[in-house]
Amino acid sequence: MFRTEIVSDTTFTVLKRYEDLKVIGAGSQGIVCAADDTKTGNRVAIKKLSRPFQNVTHAKRTFRELVLMLIMKHKNTIRLLNLFTPNRSLEEFSELYLVMELMDANLCQVINLELDHDRMSYLIYQLLCGLKYLHSAGILHRDLKPSNIVVKSDCTLKILDFGLARITGNEFMMTPYVVTRYYRAPEVVLGLGYQENVDVWSVGCIMGEMIRGTVLFPGDDHLDQWNKIIQQLGTPPDDFLDKLGHSTRNYILSQHGNRAGLPFKVLFPDSLFPNGSEDDDDDNYTNQARDLLSKMLIMDASKRTSVVDALQHPYVRQWYDASECEVPPPTRYDHTIDDAKYPVEKWKGKDLHQEKLFLDFCP
Ligand code: AMP
């Protein structure tokens with residue numbers, strides 16, 4: 001039933017129906033291969049989770065990710081097609097493979113391409129649609145970044161993961177990969193309360209990067225991240241600075257004083273946008289794109305636009321389709337999962353089995 005292959009130093013023990021494995025990506029969660037599904041004739045992506053049950057943090061994260069993948073059914077969130085383990089008993093159960101729809105590239109690979117307004121606005125529209133759907137399940141992503149967004153050459157887009165659990169483990173313990181924080185909203189970096197528009201900041205960072213071709217706020221560390229933000233957007237008002245804590249606040253004031261933000265026309269000059277030689281509407285689109293950015297990249301969440309309003313913004317509204325944006329919400333995610341304190345064996349066995357989430361696939 002299973003076949004073992006070594007793909008780029010990683011052992012993949014997969015169901016025989018999957019052939020011709022080729023590595024296409026690696027992330028904090030594991031290695032991803034493209035493969036032929038001989039049963040359906042489709043190409044698929046197979047992710048081998050790295051040590052899914054190594055410790056309680058891994059086991060909980062694995063469980064959360066699976067529950068979410070099983071409940072999310074939207075064209076802009078990745079869909080699970082199959083799930084299997086070659087292990088034959090619960091005691092042995094240590095390997096887990098997820099089979100997903102195969103996409104062509106992640107967004108990092110697209111950011112360097114010169115995107116016209118139609119493509120850019122369509123990508124941003126789909127991202128907002130996928131987020132609106134996640135939010136309707138009670139999931140606020142909080143860690144959206146280009147490597148966790150995948151696209152196809154026909155410009156369709158899907159969100160690959162479901163972000164940070166409400167209570168996160170120590171990320172350093174969880175992964176040998178450097179955790180990218182460039183896209184995290186100020187309120188996440190500060191550990192403050194957050195609402196749905198926490199993810200709008202990340203969309204702003206991603207859209208800005210598509211236009212500029214480089215990361216907007218590439219901080220070397222926590223403090224430098226603030227430098228990069230303030231150098232461009234200016235010192236936030238006192239009420240916001242007060243939330244930063246004494247040392248960060250003093251650091252910012254000593255480094256920047258009361259710095260005014262740069263106008264968005266300077267941050268994103270016309271020269272960075274598709275040029276209007278052939279299309280008279282391009283100037284108009286450019287102004288709209290800049291306007292949307294200026295509403296998403298606001299440090300203070302209470303003044304930042306919402307996902308719902310962003311979907312109505314003239315830059316993306318042309319794509320609005322109720323069958324994509326107003327779909328019934330999925331089963332609400334049970335947040336007690338994030339708070340539960342079970343031992344690994346329980347995550348591995350009891351919940352995954354007895355909740356009958358992947359009845360057909362497990363040992
Ligand atoms: P992840 O482990 O989910 O962070 O994925 C790591 C990388 O693998 C992503 O950045 C993508 O480049 C690639 N990848 C993951 N899933 C897929 C998929 N379904 N289709 C295409 N590429 C994928």
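Values in this text are rule-based calculations from the coordinates and carry no lab data. On a predicted model such as this, the values are computed, not experimentally measured, just so you know. As a convention, Cβ positions derive from the backbone with ideal geometry for all residues, glycine included, and neighbour counts pool all protein chains shown.
A few remarks follow.
- Residue within the stretch 115-131 that is small (Gly, Ala, Ser), within 18 Å of residue 150 (Cα to Cα) and surrounded by fewer than 19 Cβ atoms within 10 Å (Cβ to Cβ) present: no
- Within the stretch 85-122, tally of residues that are outside any loop (DSSP other than H, G, I, E, B), touching a residue at least 60 places away in the same chain (Cβ under 8 Å) and away from the ligand (no atom under 16 Å from the Cβ): 4
- The condition of being at negative phi, of a type in the set (Lys, Arg), out of contact with any strand residue (DSSP E or B) (no Cβ under 6 Å at 6 or more places or on another chain) and surrounded by fewer than 14 Cβ atoms within 10 Å (Cβ to Cβ) holds for only one of 16, 22, 39, 60, that being 39.
- Residues of the stretch 4-29 satisfying the condition of being within 16 Å of the ligand (Cβ to nearest atom), in a strand (DSSP E or B) and more than 18 Å from residue 103 (Cβ to Cβ): 7, 10, 12, 14
- Filter pass, residue 44 being within 11 Å of the ligand (Cβ to nearest atom) and either surrounded by 16 or more Cβ atoms within 10 Å (Cβ to Cβ) or of a type outside the set (Gly, Ala, Ser) (or both): yes
- The number of residues in the stretch 192-232 that are among the polar types (S, T, N, Q) and crowded, with 21+ Cβ neighbours inside 10 Å comes to 2.
- Restricting the stretch 136-156 to residues that are under 13 Å from the mean Cα position of the chain (by Cα) and closer than 14 Å to residue 198 by Cα, the residue that is nearest to the ligand (Cβ to nearest atom): 145
- Evaluation of residue 70 against (1) more than 15 Å from the ligand (Cβ to nearest atom); (2) part of a loop (DSSP other than H, G, I, E, B) (one fails), failing number: (2)
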